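What follows is one structure encoded as structure tokens, with my remarks underneath.
The values are calculated or read from the model by the stated rules, or taken from the named source; none is laboratory data. Since the model is a prediction, treat every value here as computed from it, not as a measurement. Glycine gets a Cβ as well: all are built from the backbone with ideal geometry, and neighbour counts include every protein chain shown. Keep in mind that these areas ignore ligands, DNA and RNA; they rest on the heavy atoms of the full protein, side chains included. Shrake-Rupley method; radii C 1.70, N 1.55, O 1.52, S 1.80 Å.
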Amino acid sequence: KMNFMSSVLYATLKYLVIKVATLIRHHPQHLSTKSPPRRMVFSFKGRLEEPVSSLGWLPFSSGNMYSGEMRRWSWNFNAGRLSSGSLSMASARLLAGVPQQDKSEYLEMLMVWFFFKYLTVGLSSVRRKKENYLLSTLYSIFSQSSEKELADMVVVVLLADFDLQFVQETLRSIMEKFSSRLSQGQLLVIHVDEEHYPPLTGLKRNFNDAPDRVTFRSKQNMDYAHLVHFCANLSRYYLMLEDDVSCSKGFLSAIRGHIHSLGSSPWTSLEFSKLGYIGKLYHSSDLLQLGHFLYIFYQEMPCDFLMSHFRTLLMQDKPIRFRPSLFQHMGTYSSFQSVYNKLKDEDFDVDPGHNPAADVYTDIGVYNHHLPQQAYENGPENQFFWGKSPIKEGNFFLVAFHEPVVVSRILIQTGKDGNDMLVSADVELGETVTKGATGTKCTGSHTVGSLREGQFEQQDMQRTLKSPVLCLNIRVTATQSNWVIIKGIQVWTVKENKNEQVVVAFHR
């Protein structure tokens, strides 16, 4: 027992040393409680033991306030070529919610890795002329997450409009509908006064944008600069959302699985949506730098452009995007002049899951590193099975489940950008898997359908095939000269002793 405890203590100390080194490497400047000239200083204070003077009319109650002051973290940054020489102190006011106790010592930041949340979800919201989607977005975040997931998550909403009446009305609505989330520390609402913003008019008209457009996107950059700085010490990872999105079921667990799948591979940003800056994930240790970057270049270009540049500057050359997308744009009218906006992410799946454990086999020739298993893992979008020609009649692609499952739905996607589709094949479910000299086979099989234009989808399969199966087989029924890409296979199963359907999926 003593040897075990000694091993745990040694591993913990080693972990702390590594994290200290990591923090120093990412933030070589020293912490300071003062703000010398030409240093970038952001502070975020929650002086809520009494109402904030400019927002004194807000409906505070003791149960929804953070009593005391959120300690200021002042990081030294090189001001670079800023014309003003430095960024004035900005104060993000905590309007509602119960934050975790902030740490006053540099070393105590390591506690983030042990006791703080796993994920912070940040979103900024302003008044829209036609429709407001913030409450629907918050409802989607909380309703699509389990209580276990919510215990490891905090949502931070920046009410970024300068119209204080809008802030008041929105805050009241949030407190009425999400009071339990506020009291449990799962939701924080903040605001930044207009005086803490740089000039928003008379700016550069890059991309030949109209002045009002430049003002809108420049303010948006500053909104996110304030937001990410506030969120820097709340969790291990930070997820950027907009205030008009819907979420897939269990998105936090999906994100956790994707992070785990990358192992020790370095990354700056992961993408869980193809639209703008929805669903962009960052290390919280990079948020101060990101906020600083957004401030320096706030008038140069839109936020999604700046975030792409930030990624490349931190040596991640290409985006790492996962499919299916975990977030969907739900808004009909944009926050800029209420312009009609029909953007949708066709890769979004409202109810994705994880595939049941399985081994994957094929007798089709494999090209390069595009292995069969990649057609059954939740990896980045550039991972898929790629088979070399000729593809012959009788070739197979077999998914052998480790345990029997009752299948309710199957979705198979082949080809990419209209090329390399599997033209002709049957989909089979089998009751046994046999291994012999001729390879692995799916036997006792039932044909459930055929691919059409490289795709296959069938639902409610448990109604006709109620018995458990051990394998899914794609059997080629006609020879083709083109190569084949199997981009995605999703499998939904039903637990035998429960009526509820549980989604288990693979896709690319």
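Of the residues examined, residue 388 is not one that is basic (Lys, Arg) and in contact with a Lys or Arg (Cβ under 9 Å, 6 or more places away or on another chain).
Out of contact with any Cys (no Cβ under 7 Å at 6 or more places or on another chain) and either at positive phi or surrounded by fewer than 20 Cβ atoms within 10 Å (Cβ to Cβ) (or both): does that describe residue 357? Spelling it out, residue 357 is indeed out of contact with any Cys (no Cβ under 7 Å at 6 or more places or on another chain) and either at positive phi or surrounded by fewer than 20 Cβ atoms within 10 Å (Cβ to Cβ) (or both).
Looking only at residues that are part of a loop (DSSP other than H, G, I, E, B) and out of contact with any helix residue (DSSP H, G or I) (no Cβ under 7 Å at 6 or more places or on another chain) in the range 270-313, which one is surrounded by the most Cβ atoms within 10 Å (Cβ to Cβ)?
As a first pass, look at the range 270-313 and keep what is part of a loop (DSSP other than H, G, I, E, B): 272-279, 297-302.
Those left that are additionally out of contact with any helix residue (DSSP H, G or I) (no Cβ under 7 Å at 6 or more places or on another chain): 273-275, 278-279.
Details: 273: 24, 274: 20, 275: 19, 278: 24, 279: 28.
Among those residues, the one meeting the criterion is 279.
Filtered by the rule that a residue be over 35 Å from the mean Cα position of the chain (by Cα), within 14 Å of residue 469 (Cβ to Cβ) and open to solvent by less than 60 Å² (accessible area, probe 1.4 Å), the range 418-433 gives 430, 433. Counting only residues that are within 14 Å of residue 170 (Cα to Cα), open to solvent by 50 Å² or more (accessible area, probe 1.4 Å) and either at pLDDT 95 or above or touching a helix residue (DSSP H, G or I) at 6+ places or on another chain (Cβ under 7 Å) (or both), the range 111-133 holds 1 of them.
For the range 343-360, how many residues meet the condition of being β-branched (Val, Ile, Thr) and either at pLDDT below 75 or in a loop (DSSP other than H, G, I, E, B) (or both)? Please lay out each step first, then the result.
Here is the first cut: in the range 343-360, the ones β-branched (Val, Ile, Thr) are 350, 360.
Then drop every residue that is not either at pLDDT below 75 or in a loop (DSSP other than H, G, I, E, B) (or both), which leaves 350.
Selection size over the range 343-360: 1.
In this structure, residue 390 does not qualify as touching a Pro at 6+ places or on another chain (Cβ under 8 Å) and either modelled with pLDDT under 90 or open to solvent by 50 Å² or more (accessible area, probe 1.4 Å) (or both).
Hey, any hits in the range 137-149 for a residue that's at pLDDT below 80 and not polar (S, T, N, Q)? Walk me through it before giving the result.
Start the filter on the range 137-149 by keeping residues that are at pLDDT below 80, which leaves none.
No; the residues of the range 137-149 include none that is at pLDDT below 80 and not polar (S, T, N, Q).
Of the residues making up the range 166-197, those that are within 16 Å of residue 227 (Cβ to Cβ), outside any strand (DSSP E or B) and touching a Phe, Trp or Tyr at 6+ places or on another chain (Cβ under 9 Å) number 3. Within the range 378-417, the set of residues being assigned to a strand (DSSP E or B), small (Gly, Ala, Ser) and farther than 30 Å from residue 467 by Cα comprises 387 only. Of the residues making up the range 134-179, those that are surrounded by 21 or more Cβ atoms within 10 Å (Cβ to Cβ) and of a type in the set (S, T, N, Q) are 137, 140, 145, 170.
With respect to residue 259, is the statement that it is modelled with pLDDT of 85 or more, more than 27 Å from residue 134 (Cβ to Cβ), hydrophobic (A, V, I, L, M, F, W, C) and not in a loop (DSSP other than H, G, I, E, B) true?
Numbers: modelled with pLDDT of 85 or more: yes; more than 27 Å from residue 134 (Cβ to Cβ): yes; hydrophobic (A, V, I, L, M, F, W, C): yes; not in a loop (DSSP other than H, G, I, E, B): yes.
Answer is yes for this residue.
So which of 187, 200, 182, 252 is free of Cβ contacts under 8 Å to residues at least 40 places away in the same chain and touching a helix residue (DSSP H, G or I) at 6+ places or on another chain (Cβ under 7 Å)?
Working: 187 fails: free of Cβ contacts under 8 Å to residues at least 40 places away in the same chain; 182 fails: free of Cβ contacts under 8 Å to residues at least 40 places away in the same chain; 252 fails: free of Cβ contacts under 8 Å to residues at least 40 places away in the same chain.
None of the others qualify; the one that does is 200.
Hey, among 249, 204, which residue is assigned to a loop (DSSP other than H, G, I, E, B), farther than 30 Å from residue 260 by Cβ, open to solvent by 30 Å² or more (accessible area, probe 1.4 Å) and of a type in the set (D, E, K, R)? When all the criteria are applied, what remains is 204.
Checking the range 254-262 against the condition returns a match, with at least one residue being surrounded by 18 or more Cβ atoms within 10 Å (Cβ to Cβ), of a type in the set (Gly, Ala, Ser) and either more than 21 Å from residue 159 (Cα to Cα) or within 17 Å of the chain's Cα centre (by Cα) (or both). Among the criteria (1) at pLDDT below 90; (2) under 28 Å from the mean Cα position of the chain (by Cα), the one residue 410 does not fulfil is (1). Hey, among the residues in the range 434-475 that are more than 15 Å from residue 411 (Cα to Cα) and among the small types (Gly, Ala, Ser), which one's most open to solvent (accessible area, probe 1.4 Å)? Per the criteria, the residue is 437.
Among the listed residues 82, 107, identify the single one that is open to solvent by 50 Å² or more (accessible area, probe 1.4 Å), at pLDDT below 50 and of a type in the set (A, V, I, L, M, F, W, C). Can you show your working first?
Working: 82 fails: open to solvent by 50 Å² or more (accessible area, probe 1.4 Å).
Every option except 107 fails the conditions.
When 411, 371, 422 are screened for being over 27 Å from residue 255 (Cβ atoms) and touching a strand residue (DSSP E or B) at 6+ places or on another chain (Cβ under 8 Å), only 422 passes.
If I filter the range 361-368 for residues that are of a type outside the set (Lys, Arg), crowded, with 20+ Cβ neighbours inside 10 Å, modelled with pLDDT of 90 or more and part of a loop (DSSP other than H, G, I, E, B), do I get at least one hit? Yes.
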